[in-house]
Amino acid sequence: MQKNVLIIDDSALMRRRLSGIIDSDKRFKVVDIARNGEVAMSLISKNPQKYDIIILDFFMPDKNGDEILREINKLHIDAYVILISGVIKKDAMEVIEALENGAFDFVTKPTDIAMAKDADFSERIIQCIELAASAQDEERVRKASRKIAQKETPIFINKKRDVKQKGSVRGDKLVALACSTGGPKALHQVIPKLSKALDAPMIIVQHMPKGFTNSLAVRLNEVSEINVKEAENGDVLEKGMVYIAKGGAQLRVAEFQGKYVLKLTDEPARNGLRPCADIMYESLCESEFKEIICVVLTGMGADGTEGIKKLSKNNNIYSIAQDAESCTVYGMPKAFFESGLVDEVRPIQDIARAIEKRVGVR
């Protein structure tokens, strides 16, 4: 069954380009086009259930994407919203807030129509719509199941996996977290719940392009008790600090003069990802933390699982994965769970508590 798509963009050239990309795939059909927010909301209000996917240009003359998204949310429709946005540093915070408020994902908008014809842009648009459609179908199945079962999914605790200990259970630990699609919203349900006295540093790989991760860090720092910053080359890991990998760079942890520091490298993307969680986890293989708490949240693909597998061979790890029910995309946590290395599966609202329980608070 085809998925109905609404395009909202103030550029006639971009509207035509997006229509061509989407209609080239028989699974999707552009059923309406809006040149601004006013026209878009008129279309959506007349038939709220008409659209499965909405492609929303974030920066338009009459209303920005976050304003339109809030109006869409008030209608309680099932459509999944994908933002397209240029990398505008001063406005990146608004994109982050839109993702926090429920946008499914965003695609970086080309700077001109010639670049919009690039195959990478077309592939990214189709991939994002495909993921949104799949996530939407899964959500509808879950809603139907909840109506029948009327009970919560039990929390999984892996009693079979032997968790080794290097020294005491508390102290000298590290939390290493990976997430992708749906990550900004998930992180806003985890980081603000953490105490500033968390007895470990925390490093995060969130798949985002250059120009957005600093805004994500600033936003999380504003709403959290714990300190959050975008990782910088040479940062010394400190307890009670959260470091978010910089978009467009790889993040590694290395020992320097008896301390663990962050290294930003320009090595190429792995599996199309920069930053890549596998690289972050692999860099920890030579570390001597008493325990590394590996956390995997919502996201497409399987980034993080292979890195954690390598890490688990010689290092003491404890692993927490987000449950399928609360994920935007149950890809990364699913791959991690299937590896057999997960110790706990928790809904997103319980992830922070699970981290603090394992790490402790000073």
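The values are calculated or read from the model by the stated rules, or taken from the named source; none is laboratory data. Being a predicted model, the structure only gives us computed values, none of them experimental. As a convention, Cβ positions derive from the backbone with ideal geometry for all residues, glycine included, and neighbour counts pool all protein chains shown.
I'd like to check something: does the range 199-218 contain any residue that is in contact with a Pro (Cβ under 8 Å, 6 or more places away or on another chain), polar (S, T, N, Q) and closer than 27 Å to Q136 by Cα? Yes, there is a match, as at least one residue in the range 199-218 is in contact with a Pro (Cβ under 8 Å, 6 or more places away or on another chain), polar (S, T, N, Q) and closer than 27 Å to Q136 by Cα. The set of residues from the range 200-221 being of a type in the set (A, V, I, L, M) and within 12 Å of the chain's Cα centre (by Cα) comprises I204, V205, M208, L216.
Does the range 31-40 contain any residue that is touching a Gly at 6+ places or on another chain (Cβ under 9 Å), surrounded by 15 or more Cβ atoms within 10 Å (Cβ to Cβ) and not polar (S, T, N, Q)? Checked the range 31-40: at least one residue is touching a Gly at 6+ places or on another chain (Cβ under 9 Å), surrounded by 15 or more Cβ atoms within 10 Å (Cβ to Cβ) and not polar (S, T, N, Q). Tell me, yes or no, whether the range 276-290 has at least one residue that is more than 20 Å from L311 (Cα to Cα) and aliphatic (A, V, I, L, M). Scanning the range 276-290 turns up no residue that is more than 20 Å from L311 (Cα to Cα) and aliphatic (A, V, I, L, M).
Yes or no, residue by residue, for (1) in contact with a Ser or Thr (Cβ under 6 Å, 6 or more places away or on another chain); (2) in the same structural domain as V81 (by TED's automatic domain parsing); (3) of a type outside the set (A, V, I, L, M, F, W, C); (4) touching a residue at least 24 places away in the same chain (Cβ under 8 Å):
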| residue | (1), (2), (3), (4) |
| --- | --- |
| M300 | yes, no, no, yes |
| T305 | yes, no, yes, yes |
| I320 | no, no, no, yes |
| V345 | no, no, no, yes |
| I348 | yes, no, no, yes |
| I351 | no, no, no, yes |
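The set of residues from the range 63-78 being in contact (Cβ under 8 Å) with a residue 40 or more places away in the chain and surrounded by fewer than 22 Cβ atoms within 10 Å (Cβ to Cβ) comprises just one member, D78.
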